[in-house]
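Novice: For reference, the structure I am asking about is given below.
The values are calculated or read from the model by the stated rules, or taken from the named source; none is laboratory data. All values derive from a computational prediction rather than experimental measurement. Neighbour counts run over all protein chains shown; Cβ positions are idealised from the backbone, glycine included. Just so you know, the surface numbers come from the protein's heavy atoms only, side chains and all, with ligands and any DNA or RNA stripped out. Shrake-Rupley method; radii C 1.70, N 1.55, O 1.52, S 1.80 Å.
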Amino acid sequence: MNRMENALAYHKKGYNCCQSVLAAFGDKYDISEETALRIGAGFGGGAGTGELCGAIIGGVMALDLILGGDVTSEPTEAKRRAAARAKALQARFLEQFGALRCHELLKNEKEEPSDAVKALGLEKHCDVMIASAVEIVETILSGEEK
């Protein structure tokens, strides 16, 4: 099972978009699956307000856990790098879907997923957002991991 399929399996079990994306990267950071699922629990549906898509939030959290660096001795630099990664993820998502807010994404449902996401044959809107966020995170990781 690839990482996108893993994230979709979490969603199918009832986890929200944030939890599904974050947990799918569990092999790359050192917190438990349960902790990841707890951390992401309140961020579905744009943190319950329809704001920033939970799939994006889960992606940012995964990137921070994987690439966060030394946040205790270099907090300013770590914060700068984290913000740059978060902006890159959001820019790619916005380019692909024309919105970042959960409410707008659900209203528009004019997704144009990548070929990899299309190959999964997804029909549910949030599944497309989850798979796309995972794909974008993987792209960012492939450019930053050593």
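Novice: How long is the gain from Asn108 to Lys87 if the chain were fully straight, where each residue apart is worth 0.36 nm and the alpha carbon distance is subtracted? Walk me through the intermediate numbers first.
Specialist: Numbers: separation 21, 0.36 × 21 = 7.56 nm, distance 2.21 nm.
Between Asn108 and Lys87, full extension yields 5.4 nm more.
Novice: Can you tell me which of 134-140, 90-96, 2-8 comes out highest on packing, and rank the rest after it, using the mean Cβ neighbours within 10 Å? Provide the component values of the computation, followed by the final result.
Specialist: Working: 134-140: 21.7, 90-96: 15.9, 2-8: 19.3.
Highest mean packing first, the order is 134-140, 2-8, 90-96.
Novice: What's the carbon and sulfur percent of the chain's accessible surface, probe 1.4 angstrom, rounded to a whole number?
Specialist: Details: 3940 of 7770 Å².
So the carbon and sulfur contribution to the accessible surface is 51 percent.
Novice: Rg and Dmax in Å for region 1-102, alpha carbons only: what are they?
Specialist: My reading of the Cα-based Rg and Dmax gives 13.5, 40 Å.
Novice: Turning to a different aspect of this structure: Would you mind calculating the gained length between His125 and Ser142 on full extension (0.36 nm times residue separation, minus the Cα-Cα distance), in nm to one decimal? Walk me through the numbers on the way to the answer.
Specialist: Values: separation 17, 0.36 × 17 = 6.12 nm, distance 2.60 nm.
Here the answer is 3.5 nm.
Novice: Compute the accessible area per residue over the chain, keeping the other protein chains in place, probe 1.4 Å, unit Å². Could you put the intermediate results ahead of the total?
Specialist: Values: 7770 Å² over 146 residues.
Counting only protein heavy atoms, the per-residue value for the chain is 53 Å².
Novice: Can I ask one more? Pick from Arg85, Arg101, Arg38: which is most flexible by mean-square fluctuation in a GNM of the chain where alpha carbon atoms under 10 Å apart are linked?
Specialist: Highest fluctuation of the listed residues: Arg38.
Novice: Compute the distance in nm between two label points, each set 7 Å from the Cα along the Cα-to-Cβ direction, one at Glu51 and one at Glu77.
Specialist: Between Glu51 and Glu77, the label points sit 3.1 nm apart.
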